[in-house]
Amino acid sequence: MSSKLQPARGTRDMIGADARRHNAVADTARRIAGLYGFEEWFTPIFEDTRVFSRGLGDTSDVVAKEMYSFEDRGGESLTLRPENTAGVCRALVTNGLTQSLPQKAFYAGPMFRYERPQKGRYRQFHQIGCEILGAAEPLADAEVIAAGWQIIQSLGIAEGVVLEINTLGDAESRDAYRAALVAYFSAHAEQLSADSKTRLEKNPLRILDSKDAADRALVEGAPLITAHLTAGAAAHYAAVLRYLQGFGVPLRENPRIVRGLDYYSHTAFEFVTDRLGAQGTVMAGGRYDGLVEEMGGPPTPSVGWAAGMERLALLMEDAGRTPAAARPVAVVPMGDAAEAPALAALQALRAAGTHAEMAYRGNLKRRLERANKQNARAALLVAEDGGLQWKDLDAGTQVAVSLGGLAGL
RNA sequence: GCGGUCGUAGCUCAGCUGGUAGAGCGCCAGGUUGUGGUCUUGGAUGUCGCGGGUUCGAGCCCCGUCGAUCGCCCCA
């Protein structure tokens, strides 16, 4: 055992450029979501385990083997949230908001999944998300996707990211389709990969996005959901595509897209990229018309998505979009006796809304070196008699200024 | 949960077929009489991820373990 403590497996510190990217993702997403009418919701980081076991479906790996569940001192089974959609639906019900629909919720925060860590995949990771609760109209599907696309664009990472979309249909369509798939794959069972043989029993739809070469060849000839859609489901999907065109969101239809969590129906979509290795999905979601009912509320058709903040931040880094650190003004007292007037000047700058700092020690030369290393934009030199010199550190020019004249700088 | 690769100063890395560690950057202090980004001189820093084994001797070999990473699985 090392005496040096490390962050727990799958967790990490975000400091400096990492923190700035993370904040940029949250701030940008929050701002853009606001333009679409989404208000931020804060739901608890841990919930009654049933919120997730009920909502996500126990066939999903997330519920079956990836949750951080524990019993608290009172004997309650609690779980660190592995995602936030179930919590938002629970909150909608608990707060009686089913009486005032639709609701548009935005969230950003940590989620927890016990997975094998990889680049862009952590045990504590962070998601942003947008949910429209209480709107069955396809316009809602399109709007929530449009918000996501604008966030991706605003982050400067749209290049290399593409929206893939599909429909899972309603329950009737899905059951019919599932039966057709099972029939098809069962007939070719011996050609399926080992993984897909178990999928065939557990979740046949997942065979559609298998990475195995033999599976993919089989999938080529597999039946499409299109043939099994009810008239209503087909109309909904067609309308979503039409509205997305209206919103100006480019897309690629992909009949192989499925969703990992059980609560999805109708629209399913993913913003994918080939720049993150195995973690190609950057933002994903769909319609979930039954989830609020699972939480004890009335039938409340809803649609939304979640995005991995670490993955978005990684794309920002690749795209050279890391925000620069703020540039302070360095206040530099020239001699011990200049400290008092320097403090006055320092606070005058801060009161005027200027980012200003004064080193805790060092002679004039050291302080200027430090100012330079901090990438300070200017140094305010303070003489012992209180005289002020404004030195522009980019241009190298220096002019006398007065205490009252600092506000404009 | 499965398979592969990797783990040496704060950072990026070097270290030949095993003989008790180096560079660059960074950091600290100077280059005399208060003004940075260049230049220059000097200095500090590592139980070579951790534990065990083989060996006269291991950073280099073996085993285990922790962590990162790539792929699978899963998913954001």
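Quick rundown of the values:
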item	result
Every residue from the stretch A:122-175 that is outside any helix (DSSP H, G or I) and among the aromatic types (Phe, Trp, Tyr)	A:Tyr122, A:Phe125
A:Ala330 vs. criteria more than 9 Å from RNA strand B (Cβ to nearest atom) and over 17 Å from A:Ser402 (Cβ atoms)	yes
Residue tally, condition exposed (fewer than 14 other Cβ atoms within 10 Å of the Cβ), among the small types (Gly, Ala, Ser) and under 25 Å from A:Thr167 (Cβ atoms), over the stretch A:188-223	2
Tally, over the stretch A:101-131, of residues that are among the hydroxyl-bearing types (Ser, Thr, Tyr) and at pLDDT below 95	2
Residue count for the stretch A:369-391, restricted to those that are in contact with a strand residue (DSSP E or B) (Cβ under 8 Å, 6 or more places away or on another chain) and either among the aliphatic types (A, V, I, L, M) or over 16 Å from A:Met358 (Cα atoms) (or both)	10
2 or more residues surrounded by 13 or more Cβ atoms within 10 Å (Cβ to Cβ) and more than 16 Å from RNA strand B (Cβ to nearest atom): qualifying strands (runs of 3 or more DSSP E) within the stretch A:1-111	A:46-48
Residue satisfying all of: in the stretch A:275-289; of a type in the set (Gly, Ala, Ser) and crowded, with 18+ Cβ neighbours inside 10 Å; farthest from RNA strand B (Cβ to nearest atom) among these	A:Gly286
Residue match in the stretch A:314-322 (condition: buried (at least 24 other Cβ atoms within 10 Å of the Cβ) and touching an Asp or Glu at 6+ places or on another chain (Cβ under 8 Å))	no
Breaking point among (1) assigned by TED's automatic domain parsing to the domain that holds A:Pro117; (2) more than 15 Å from the chain's Cα centre (by Cα); (3) not hydroxyl-bearing (Ser, Thr, Tyr), for A:Gly10	(1)
Selection count where residues are within 31 Å of the chain's Cα centre (by Cα) and polar (S, T, N, Q), scope the stretch A:226-243	1
A:Gly221 vs. criteria more than 25 Å from A:Pro301 (Cβ to Cβ) and more than 16 Å from RNA strand B (Cβ to nearest atom)	yes
Tally of residues being under 19 Å from A:Asp215 (Cβ atoms), crowded, with 20+ Cβ neighbours inside 10 Å and of a type in the set (A, V, I, L, M) across the stretch A:147-186	1
Residue, nearest to RNA strand B (Cβ to nearest atom), within the stretch A:380-402, restricted to residues that are at pLDDT 90 or above, of a type in the set (A, V, I, L, M) and more than 15 Å from A:Pro333 (Cα to Cα)	A:Leu393
Hey, A:Leu368 more than 9 Å from RNA strand B (Cβ to nearest atom) and touching a residue at least 12 places away in the same chain (Cβ under 8 Å) or not	no
Test for A:Tyr114: is it in contact (Cβ under 8 Å) with a residue 40 or more places away in the chain, hydroxyl-bearing (Ser, Thr, Tyr) and assigned to a strand (DSSP E or B)	no
Filtered residue count, the stretch A:7-23, keeping only those that are of a type in the set (Lys, Arg) and more than 18 Å from A:Ala108 (Cβ to Cβ)	1
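Here's the yes/no breakdown for (1) within 16 Å of the chain's Cα centre (by Cα); (2) among the aliphatic types (A, V, I, L, M):
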position: A:Ala140; (1), (2): no, yes
position: A:Ile151; (1), (2): yes, yes
position: A:Glu159; (1), (2): no, no
position: A:Gly169; (1), (2): no, no
position: A:Glu172; (1), (2): no, no
position: A:Ala176; (1), (2): no, yes
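The values are calculated or read from the model by the stated rules, or taken from the named source; none is laboratory data. Remember, predicted model here, so these are calculated numbers, not experimental data. Please note: Cβ atoms are built from the backbone with ideal geometry, for glycine as well, and neighbour counts cover all protein chains shown.
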